Amino acid sequence: MYAAIYQGIKNITVEDLPKPQATSNDIVVKVMRNGICGSDLHAYNLGGDEIGIYAGSAIGHEFVGIVSEVGSNVKDIQVNDHVFINPTQAKNKPGMLAMAGGLSQYDLVENAQLDWNVFKLPQDLSFDRAVVIEPYAVGIHGKNVVRPHKGQSFVIYGAGPVGLACASGLVQQGIEDVLVVDIDDKRLDFAKKLGVKVVNSQKDNLSQKITELFGSGTGLMGDKRLGADVYIDCVGLPAYMNAFVEQAKFGAKFVIVALGNQPVTFKPQFLAMNETSFLGSAIYTPQDIKEAIANVSKPDNSFPEIVSVHYPLQDVKQAFERANNDKSVIKVVIDVNN
């Protein structure tokens with residue numbers, strides 16, 4: 001079989017490797033589609049050691065495929081099942097999420113368990129739609145950590161795959177008051193297709209827009225503040241966190257999804273005085289994955305249309321360059337097996 005191997009900065013090769021064999025507790029998946037993720041690009045541009053992508057490793061973690069082999073001890077999973085693989089649990093060794101092997105034509109899923117690291121897909125769900133389940137689940141978890149409900153208002157920073165996933169998840173849940181913030185009009189146009197409100201923060205006053213849409217609130221001292229209930233950061237800019245501390249109403253929440261690497265400085269007294277909260281959002285749960293699968297299975301859900309372009313596995317280097325440099329594309333997908 002062929003597999004994409006990360007060799008270092010700007011260096012990905014396609015190697016001919018032995019096809020994996022399942023032991024009694026494993027399955028082998030014929031990988032059909034794998035999306036290129038921001039963490040893949042981080043390793044490609046800056047090196048992968050700090051995010052768990054090491055030279056010589058088979059990469060890829062946004063993948064779906066067809067079960068081709070099932071170990072004798074594996075229950076409730078059969079050959080020819082269409083599946084999504086949870087990359088955080090695909091290997092027995094911890095910390096293998098980004099090296100789960102989704103850019104290999106065949107991948108070994110160790111200690112396979114249904115609804116834990118293997119999730120069945122409807123047979124009529126195309127792999128072109130199903131390939132977005134992993135980033136969708138990240139966005140789903142980002143909104144689920146605050147247990148969202150109708151009547152709440154949300155501001156989402158970033159119209160990349162995860163921000164759009166978060167927005168779509170809220171809309172599919174029946175929540176109407178959702179604002180997506182970005183500086184790319186094309187991506188904001190796509191966000192509109194999901195049924196949300198948008199603002200280009202380079203062209204419009206963001207605070208005024210939030211107030212226009214969601215009204216005003218107050219702080220502990222009666223000072224006028226922004227009326228949004230929840231802010232979800234899928235960009236990672238310190239300015240958004242500082243603005244939240246300075247402007248968010250009493251009881252508002254800020255969810256950190258993006259892996260921002262810049263220090264943030266603010267006076268903690270304002271968190272205490274206004275009972276505002278910072279919450280981290282890490283990956284996803286099995287429940288989030290099931291919600292993402294249900295959402296992409298709805299024919300009228302536009303989110304899977306984030307897939308902008310497909311490349312064959314042999315052209316993986318060109319695919320990374322496209323994802324890296326072409327800002328008009330939202331998601332680049334590798335057709336690992338046709």
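Couple of notes before you dig in:
- If you go through region 275-314 and keep only what is open to solvent by 20 Å² or more (accessible area, probe 1.4 Å), among the acidic types (D, E) and assigned to a helix (DSSP H, G or I), you end up with E291, E305.
- Complete set of residues in region 15-26 that are closer than 16 Å to N337 by Cβ and open to solvent by less than 40 Å² (accessible area, probe 1.4 Å): P20
- Elements of type strands (runs of 3 or more DSSP E) in region 180-264, at least 3 residues being closer than 21 Å to N274 by Cβ: 216-218, 224-226, 230-233, 253-256
- Residues satisfying the criterion are absent from region 203-216 (criterion: in contact with a Pro (Cβ under 9 Å, 6 or more places away or on another chain) and either modelled with pLDDT of 95 or more or open to solvent by 50 Å² or more (accessible area, probe 1.4 Å) (or both)).
- Selection count where residues are of a type in the set (G, A, S) and in a helix (DSSP H, G or I), scope region 315-338: 2
- Conditions (1) out of contact with any Pro (no Cβ under 9 Å at 6 or more places or on another chain); (2) more than 18 Å from H310 (Cα to Cα): number failed by V138: (1)
- Scanning region 261-274 for residues that are open to solvent by 40 Å² or more (accessible area, probe 1.4 Å) and either without any contact (Cβ under 8 Å) to a residue 24 or more places away in the chain or out of contact with any helix residue (DSSP H, G or I) (no Cβ under 6 Å at 6 or more places or on another chain) (or both) yields a total of 8.
Residues are listed down the side, and each one gets a yes or a no for (1) hydrophobic (A, V, I, L, M, F, W, C); (2) at pLDDT 95 or above; (3) open to solvent by 50 Å² or more (accessible area, probe 1.4 Å):
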site	(1), (2), (3)
V162	yes, yes, no
Q172	no, yes, yes
D189	no, yes, yes
N200	no, yes, no
G219	no, no, no
G222	no, no, yes
G236	no, no, no
V255	yes, yes, no
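- Region 297-321 residues that are of a type in the set (G, A, S) and modelled with pLDDT of 95 or more, paired with ones that are open to solvent by 70 Å² or more (accessible area, probe 1.4 Å) and in a helix (DSSP H, G or I) (beta carbon under 6 Å, 6 or more apart): S302/K193
- Per this entry, E62 is not counted among residues that are at pLDDT 95 or above and open to solvent by 30 Å² or more (accessible area, probe 1.4 Å).
- Residue identified as free of Cβ contacts under 8 Å to residues at least 40 places away in the same chain and open to solvent by less than 10 Å² (accessible area, probe 1.4 Å) among A167, A137: A167
- The single condition among (1) in contact (Cβ under 8 Å) with a residue 12 or more places away in the chain; (2) open to solvent by 10 Å² or more (accessible area, probe 1.4 Å); (3) on the phi > 0 side of the Ramachandran plot; (4) not polar (S, T, N, Q) that M99 does not satisfy is (3).
- Of residues in region 35-59 being open to solvent by 10 Å² or more (accessible area, probe 1.4 Å) and acidic (D, E), the one nearest to I5 (Cα to Cα): D49
- Every residue from region 1-43 that is in contact with a Phe, Trp or Tyr (Cβ under 6 Å, 6 or more places away or on another chain) and polar (S, T, N, Q): N34
- Residues in region 78-89 that are open to solvent by 10 Å² or more (accessible area, probe 1.4 Å) and not hydroxyl-bearing (S, T, Y): Q78, V79, N80, D81, H82, Q89.
- If the condition is being of a type in the set (A, V, I, L, M, F, W, C) and farther than 28 Å from P18 by Cβ, then region 37-61 contributes L41, L46.
- Only a single item in (1) open to solvent by less than 40 Å² (accessible area, probe 1.4 Å); (2) closer than 26 Å to S168 by Cβ; (3) touching a Gly at 6+ places or on another chain (Cβ under 7 Å) is not met by K249, and it is number (1).
- Taking first residues from region 212-225 that are touching a residue at least 12 places away in the same chain (Cβ under 8 Å) and β-branched (V, I, T) and partners that are open to solvent by 50 Å² or more (accessible area, probe 1.4 Å) and assigned to a loop (DSSP other than H, G, I, E, B), the Cβ contacts under 9 Å between residues at least 6 apart in sequence or on separate chains come to T218/F250.
The values are calculated or read from the model by the stated rules, or taken from the named source; none is laboratory data. Not measured: the values here are computed from a predicted model. All Cβ positions, even for glycine, are placed from backbone atoms using ideal geometry, and neighbour counts span all protein chains on display. Quick note on the areas: whole protein, heavy atoms, side chains included, nothing else; ligands and nucleic acids left out. Shrake-Rupley method; radii C 1.70, N 1.55, O 1.52, S 1.80 Å.
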